[in-house]
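The values are calculated or read from the model by the stated rules, or taken from the named source; none is laboratory data. Note that the coordinates shown come from a computational prediction; the quantities given were computed from them, not determined experimentally. Backbone-built Cβ (ideal geometry, glycine too); neighbour counts: all protein chains shown. Ligands, DNA and RNA are excluded from the accessible area calculation, which covers all protein heavy atoms including side chains. Shrake-Rupley method; radii C 1.70, N 1.55, O 1.52, S 1.80 Å.
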Amino acid sequence: ICFLLIGGPMKLLLAVVSWLMLLRVTASFAPRHLVQRASRIRSSTVMASQTTSTDKTAATSSTPPTPASYPFSTVETKWQEYWDTQETFKTPIRSATKPKKYVLDMFPYPSGAGLHVGHPEGYTASDVMARYYRMKGYDVLHPIGWDSFGLPAEQFAIQTGAQPDETTKANIANFKRQLKSLGFSYDWDREVATTDVNYVKWTQWIFLQLFKKGLAEQSSVSVNWCPALGTVLANEEVINGLSERGDHPVERLPLRQWILKITDYADRLEAGLDGLEWPSGTLTAQRQWIGKSQGCNIDFMVDNSADNEKISVFTTRADTLLGVTYVTLAPEHPLVSKICSDGKREEVEGYVKTTSSRSDLDRTSQKTKTGVFTGGYVLHPITNKKIPVWVGDYVLGSYGTGAVMAVPAHDERDFEFAQKFQLPITWVVKPSDGSEWNKEEAFTDAGVAVNSGDFNGLSTEETKKAITEKLEVIGMGGAQITYKLRDWVFSRQRYWGEPIPIYFPVDFVDDVDPQSVDPRDDGCEHTIRFDQPIPVDEADLPLELPLMDNFQPGDDPAGCLARAKDWRYFEKDGKWFARETNTMPQWAGSCWYYFRFLDNKNSEEAFSKQADADWMPVDLYVGGAEHAVLHLLYARFWHQVLFDLGYTQHPEPFQKLVHQGMILGSDGEKMSKSRGNVVNPDDIVDAQGADALRLYEMFMGPLEAVKPWQTSQVAGVVRFQNKVYNVVNAAAASDDSVEMDDETTRLLHKTMKKVSEDIDAMAFNTAISALMVLTNHLNALDNVPREAAEKLSLMVSPFAPHLGEECWNILGHEESLAYHPWVEFDESLCVDDTIKMGVQVNGKARGEIEIAKDADEETAMAAAMEQERVVAQVDGKDIKKIIYVPGRILNIVAK
């Protein structure tokens with residue numbers, strides 16, 4: 001530019017030369033793939049210009065024919081209709097001579113929004129396995145259904161002004177259309193929805209079995225009640241005393257709730273995890289949620305209690321008992337009001353009222369601990385000294401006994417609390433190495449007992465044992481096992497859920513003839529005897545929901561069904577009864593759906609014992625890691641109850657579990673409407689085909705990894721599809737006598753081995769990569785062997801089933817390949833006869849040779865001396881030593 005500004009012809013020439021040099025230097029630093037791409041573009045431009053000759057015949061004869069473009073839309077419609085018409089994937093009657101595979105997805109909740117591209121990932125993975133297992137000779141059960149009850153469906157219906165039943169059916173129809181468009185090999189005859197009347201019947205039947213076994217009972221439970229939303233909220237849905245949805249005030253109220261006594265199965269649930277093929281993280285999460293702890297129960301007698309009342313605590317550190325300086329009760333502990341002194345009552349009641357609106361999660365997550373002194377005391381079980389009792393929000397009534405013995409010297413929470421309120425700190429465990437304490441923080445490690453009377457000098461474990469035995473002798477406690485797991489609160493105060501099949505007697509005021517009054521009438525005084533629950537007769541199931549014009553929640557904790565008086569109250573044998581108005585949670589239907597898939601047309605029982613023997617347990621269960629705890633724990637609990645009752649012969653439901661990773665939006669965030677990053681799979685199917693979507697999702701990366709969606713990258717698998725299609729068409733047009741050369745044969749067998757092993761390991765991305773390598777090789781051949789094209793079609797089919805079927809058909813096969821035997825490889829052809837090996841001269845790499853894998857040193861040296869760089873390094877020198885490791889390296893030492 002400077003030269004041009006100065007002017008002059010010579011300087012103009014220098015400017016042009018300089019510019020060309022600059023381009024050359026810039027190109028030398030450009031990424032290789034960009035340079036190669038530019039070269040390809042230039043080459044294709046030249047080729048294109050060469051074929052624009054007016055001599056059409058000459059142009060045609062000098063250039064290869066244009067590859068055919070894979071007609072995905074026509075092909076996919078064709079094969080989906082074929083599979084439906086032929087019932088290709090109908091579950092077979094179990095054969096005594098064949099193994100089985102029950103392949104199951106965590107069935108979807110059919111929302112109004114439909115699927116986004118993240119949803120099909122797990123469904124595609126399970127479908128790959130189901131198709132693969134069929135070709136491997138297994139009887140396969142691969143069903144699908146709908147988890148269609150729940151709060152979201154009810155809220156969607158309220159927003160649209162429609163009935164939940166109507167909106168749910170419409171959503172299911174949309175989901176079904178989308179899943180079918182993706183070519184999944186589900187047995188649609190096995191389809192179920194948790195909202196189907198025949199499904200509800202058996203969900204209610206299982207509840208009755210739990211009730212009869214004493215595992216379902218009523219209890220007054222402190223819950224997060226939101227009057228504005230008309231329902232109980234989970235701890236995670238309450239933030240600073242307000243509902244996460246709508247910022248409505250939330251109260252902590254004791255409500256009558258149905259609970260399932262899952263804690264009775266805590267040991268079984270933990271022990272049953274052994275031997276399951278589950279992700280280690282999920283196994284850990286389950287064990288942590290169950291939270292088995294071995295420790296000691298300790299009783300502190302209330303000072304001056306006329307009723308000899310006591311506060312019991314559980315601890316895993318009984319060795320620190322002599323370091324207790326205060327006891328803390330949860331605000332909801334029943335003894336708070338009794339132990340409180342008159343002078344402290346107003347302050348304590350105010351504190352309890354303030355903390356009662358906050359959720360457990362909110363209280364335990366805050367950094368600043370709060371509390372008040374009750375004015376009451378308890379007596380130390382060993383020293384009999386008076387210990388002050390406090391109320392603190394960091395202690396939860398729903399966890400353990402709702403009370404803790406505070407040892408601030410050896411517990412971080414107690415230390416923080418003691419420092420804030422200037423409470424005494426007594427050190428009773430000293431470091432084992434004899435070092436002094438850092439009294440600026442709690443010492444929580446094991447050590448040696450000090451300041452503990454008769455227990456001084458004992459190790460932590462010895463002290464635990466000695467104090468536990470002492471408490472047992474004096475009747476103030478003893479060894480105990482506890483669990484973090486709480487009983488399952490099973491009630492919901494909403495409309496769209498399974499009615500709980502329980503009813504209660506109705507009592508009227510004295511001297512009133514029950515047949516002369518009607519509890520449905522306003523003003524009729526009556527009492528529902530909730531203390532006398534009566535199970536609905538099994539012959540009267542299902543108990544269906546009433547049709548309600550207004551099913552919005554209200555401020556009555558009894559739920560909106562309490563307003564359906566004609567449904568709630570009924571007469572029987574001259575007496576009035578009231579139905580339960582709470583409904584079941586959404587978890588209920590998903591606890592046992594895998595059983596109903598076995599036998600979904602059975603009207604006499606939930607599933608037959610023969611169906612259970614034929615198909616259970618689930619061999620492969622695929623779903624999101626967000627269900628790592630609750631769904632899996634609840635389903636295992638119901639399963640173990642049914643096992644105990646003799647309805648299944650299998651103690652665990654899911655033998656192998658796989659979690660697919662989340663697919664994020666292109667911005668790296670979770671897909672959501674609010675972020676505007678949702679991609680509809682319908683758009684991808686319409687533009688590039690279902691197989692392209694399936695291939696891309698399996699090729700993005702490891703199945704379990706979190707991956708961002710990039711629509712632009714789908715084009716890569718589209719090109720792969722087109723190549724496969726062209727290779728097969730070329731093979732079909734070739735002479736049947738075309739034989740495979742040795743290189744192609746070996747690559748084919750290596751690919752068959754690689755793809756087979758990778759599918760077994762569910763490493764789908766690397767399997768597809770191997771198929772791409774094989775396809776590129778075949779595409780470069782002048783004549784494609786039919787055998788290679790057939791094997792390629794079979795291997796592609798689990799990932800891209802429409803393409804696989806079409807290619808199989810093009811090669812002259814009339815029947816579907818769905819049950820054709822899977823490819824078999826020759827192990828001997830998967831091992832190379834020759835290997836490539838580096839050659840070093842004086843320890844530095846100077847070349848590479850290709851020799852037989854068992855070649856001797858003489859042969860290796862002969863090949864090395866044919867390398868110019870090697871010869872140049874040893875020319876004129878004496879070879880002092882040759883270091884040869886067959887198959888590894890050749891190092892020549894020359895001086």
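Straight-distance candidates among the lysines for linking to K880, with alpha-carbon spacing under 23 Å and chain neighbours fewer than 8 residues away dropped: K844, K895. Averaging Cα coordinates gives a centre for segment 96-168 and one for segment 737-800; these two points are 31 Å apart. Take every pair of alpha-carbon atoms less than 8 Å apart whose residues are at least six positions apart; their mean separation over the length of segment 134-219 yields a relative contact order of 38 percent.
Given a 1.4 angstrom probe, I'd like the percentage of the accessible area of segment 641-714 that is carbon and sulfur, rounded to a whole number.
Taking all protein chains in place, segment 641-714 shows 51 percent carbon and sulfur surface.
Share of carbon and sulfur in the accessible area of segment 57-193 stands at 54%, probe radius 1.4 Å.
Using Cα centres only, tell me the gap between segment 296-375 and segment 819-895 in whole Å. So the two Cα centres are separated by 78 Å.
Put simply, the convex hull of the Cα atoms in segment 770-895 casts, on average, a shadow of 10.7 nm². Summarising the amide proton neighbourhood of S243: residues at separation of 5 or more, or on other chains, whose placed amide H is nearer than 5 Å comprise H248, V250.
Within the chain, what percent of beta bridges assigned by DSSP are antiparallel, to the nearest 5? Intermediate results must be reported in sequence, preceding the final value.
Working: 74 of 96 bridges.
Of the beta bridges lying entirely in the chain, close to 75 percent run antiparallel.
Counting only residues at least eight positions apart within a chain, or on another chain, the lysines with an alpha carbon under 16 Å from that of K753 are K136, K791.
Cross-linked pairs K98/K609; K261/K609; K90/K201: Cα-Cα separations exceed 22 Å for K261/K609; K90/K201.
Per residue, the average separation of C-alpha pairs within less than 8 Å and at least 6 apart gives segment 413-498 a relative contact order of 16 percent.
Built from the Cα atoms of the chain, the convex hull projects on average onto 62.2 nm², one quarter of its surface area. Placing a pseudo-label 7 Å from each Cα along the Cα-to-Cβ vector at I883 and K601 gives an inter-label distance of 7.3 nm.
In terms of the mean number of neighbouring beta-carbon atoms within 10 Å, the peptides 318-330, 127-139, 714-726, 76-88 order highest first as 318-330, 127-139, 714-726, 76-88. Here's the list of lysines a cross-link from K386 could span, going by alpha-carbon distance under 27 Å and ignoring same-chain residues fewer than 8 apart: K310, K338, K344, K369, K420, K430, K439, K464, K465, K470. Our note on the geometry: Cα centres of segment 182-261 and segment 413-470, 44 Å apart. A simple packing score, the average count of other Cβ atoms within 10 Å per residue, orders the peptides 858-868, 207-217 as 207-217, 858-868, with the highest score first.
Packing-based ranking of 568-576, 693-701 yields 693-701, 568-576, ordered from highest to lowest mean Cβ neighbour count within 10 Å.
Compute the relative contact order of the chain as a whole-number percentage, counting only Cα pairs closer than 8 Å that sit 6 or more residues apart in sequence. Rounded, it is 13 percent for the chain.
Approximating the spin labels as points 7 Å out from Cα along Cα→Cβ, the R287-to-N304 distance works out to 4.9 nm. Annotation: amide H-H contacts under 5 Å for E848 (H modelled 1.01 Å from N, sequence separation of 5 or more, or interchain): V839. Computed across segment 73-224, the Kirkwood hydrodynamic radius from all distinct Cα-Cα pairs reaches 18.0 Å.
Charged side chains reduced to their Cβ positions (Lys and Arg at +1, Asp and Glu at -1) give the chain a dipole of some 3000 debye around its Cα centre. Label-to-label distance, K367 versus L253, with points set 7 angstrom from Cα along the beta-carbon direction: 3.5 nm. In segment 356-487, a dipole from Cβ-located charges (positive for Lys and Arg, negative for Asp and Glu) runs towards its positive end, and of S452, V389, L423 it is V389 whose Cα lies farthest in that direction. Averaged per residue, the chain has 48 square angstrom of accessible surface, using a 1.4 angstrom probe with ligands and nucleic acids left out.
Counting only the Cα atoms, segment 115-204 fills a convex hull of 115 Å³ per residue. Each stretch of four or more DSSP H residues adds -39500 (n - 2.57); spread over every residue of the chain, this sum gives -11500 deg cm²/dmol at 222 nm.
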